[in-house]
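Colleague: Please find one structure pasted underneath; my questions will follow.
The values are calculated or read from the model by the stated rules, or taken from the named source; none is laboratory data. Remember, predicted model here, so these are calculated numbers, not experimental data. Cβ placement follows ideal geometry from the backbone for every residue including glycine, while neighbour counts extend to all protein chains displayed. These accessible areas exclude ligands, DNA and RNA; they are computed on the full protein's heavy atoms, side chains included. Shrake-Rupley method; radii C 1.70, N 1.55, O 1.52, S 1.80 Å.
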Amino acid sequence: MKTPRWLNRLASSLLIGGQAITSTVKGNFNKSDLIDQLMEAGPTSFLIILITGISAGTVFNIQVAAELSRQGLGSEVGGLLAIGLAREIAPLLTATLLTGKVATAYAAQLGTMKVTEQIDAITMLKTDPVEYLVVPRLIAMVVMAPLQCLLFFSVALWSGQISSTAFYSIPGDVFWTSVKGWLVFSDLPSMLIKSIVFGLQIAVIACGWGLTTRGGAKEVGTSTTGAVVMTLLTVSLMDVVLTKILFG
């Protein structure tokens, strides 16, 4: 029975990821391209993270604060929002947004280079394409994913405080007291660990799908779509595992 192509590509992506991590540890990578990749994974995505974070904090209050206020528990809104964001919403939504913004770019860029034989040209010049192309992207995602997650968390929390005060007359000091009471010390490091792992997954799968592209221009689009789907699936599964390990 023939092995499904997606499984072969996933295995190839894991091998590419292992090679990229090894090269990163050894310091063998294209340093000149690293700044560009940091910019693509970071500042160019800040606006998306900012808008979504504001929306997430506000929507949470519309859904939850009203019900809690009716039950006389309005003082607990801040704490519920804080642990919900830190343990689940911030890392998962940040990973989803970065998948749509950055993973698509990685898969399309490397896929185009593959079908136009630029990867072969790099190899003929005795340059390792993983070190030259994948490692800077992997480092950029591992560095920027937790920063983006922290930005999302901060913006959503402030948005929640402002909307709870404006819509449900919950004083700001009551909101932040609740945050301090509910949020434990390990929540923020655990949130950042999740985002680092998700960032690593995004980079490895997106670059792996790009480098295993074959055919013409149509295949580039197929690879990009496949990279997004596989990234979202694996991030969701990893989220279950990490949640059990970190918070179970």
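Colleague: Filter region 158-168 for residues that are without any contact (Cβ under 8 Å) to a residue 40 or more places away in the chain and either among the polar types (S, T, N, Q) or surrounded by 21 or more Cβ atoms within 10 Å (Cβ to Cβ) (or both) and give the result.
Modeller: Across region 158-168, the qualifying residue is only Thr165.
Colleague: Whether any residue in region 155-175 is more than 21 Å from Ile51 (Cα to Cα), part of a helix (DSSP H, G or I) and of a type in the set (A, V, I, L, M, F, W, C) is what I want to check. Step through it out loud before you land on a result.
Modeller: Narrowing region 155-175 to residues more than 21 Å from Ile51 (Cα to Cα): 168-175.
Subsequent filtering for residues that are part of a helix (DSSP H, G or I) retains 168, 172-175.
Okay, now just the ones that are also of a type in the set (A, V, I, L, M, F, W, C), so 174-175.
Checked region 155-175: at least one residue is more than 21 Å from Ile51 (Cα to Cα), part of a helix (DSSP H, G or I) and of a type in the set (A, V, I, L, M, F, W, C).
Colleague: If a residue has to be free of Cβ contacts under 8 Å to residues at least 24 places away in the same chain, among the hydroxyl-bearing types (Ser, Thr, Tyr) and either closer than 16 Å to Lys26 by Cβ or in contact with a Phe, Trp or Tyr (Cβ under 7 Å, 6 or more places away or on another chain) (or both) to count, how many in region 119-157 make the cut?
Modeller: The total comes to 1.
Colleague: Being not polar (S, T, N, Q) and not in a helix (DSSP H, G or I) narrows it down to one of Val184, Val229, so name that one.
Modeller: Only one candidate qualifies: Val184.
Colleague: Given (1) in contact with an Asp or Glu (Cβ under 9 Å, 6 or more places away or on another chain); (2) in a helix (DSSP H, G or I), identify the lone condition not met by Asn28.
Modeller: (2)
Colleague: If I ask for residues that are open to solvent by less than 20 Å² (accessible area, probe 1.4 Å), under 14 Å from Thr96 (Cβ atoms) and not basic (Lys, Arg), which ones from region 190-226 would you list?
Modeller: Scanning region 190-226 gives Ser195, Phe198, Gly199, Ile202, Ile205, Ala206.
Colleague: Something else about it: If you go through region 1-15, how many residues are open to solvent by 60 Å² or more (accessible area, probe 1.4 Å) and part of a helix (DSSP H, G or I)?
Modeller: Qualifying residue count for the region: 6.
Colleague: In the set Asp187, Asp239, which member is buried (at least 16 other Cβ atoms within 10 Å of the Cβ), acidic (Asp, Glu) and out of contact with any Leu (no Cβ under 8 Å at 6 or more places or on another chain)?
Modeller: Criteria check complete, one pass: Asp187.
Colleague: Within region 193-204, identify whether any single residue is more than 20 Å from Leu10 (Cα to Cα), modelled with pLDDT of 90 or more and of a type in the set (Ser, Thr, Tyr), and answer yes or no. Can you show your working first?
Modeller: Let us first name the residues in region 193-204 that are more than 20 Å from Leu10 (Cα to Cα), namely 193-195.
Pick out the ones that are also modelled with pLDDT of 90 or more and you get 193-195.
From what is left, the residues that are of a type in the set (Ser, Thr, Tyr) are 195.
Checked against the condition, which is being more than 20 Å from Leu10 (Cα to Cα), modelled with pLDDT of 90 or more and of a type in the set (Ser, Thr, Tyr), region 193-204 yields at least one hit.
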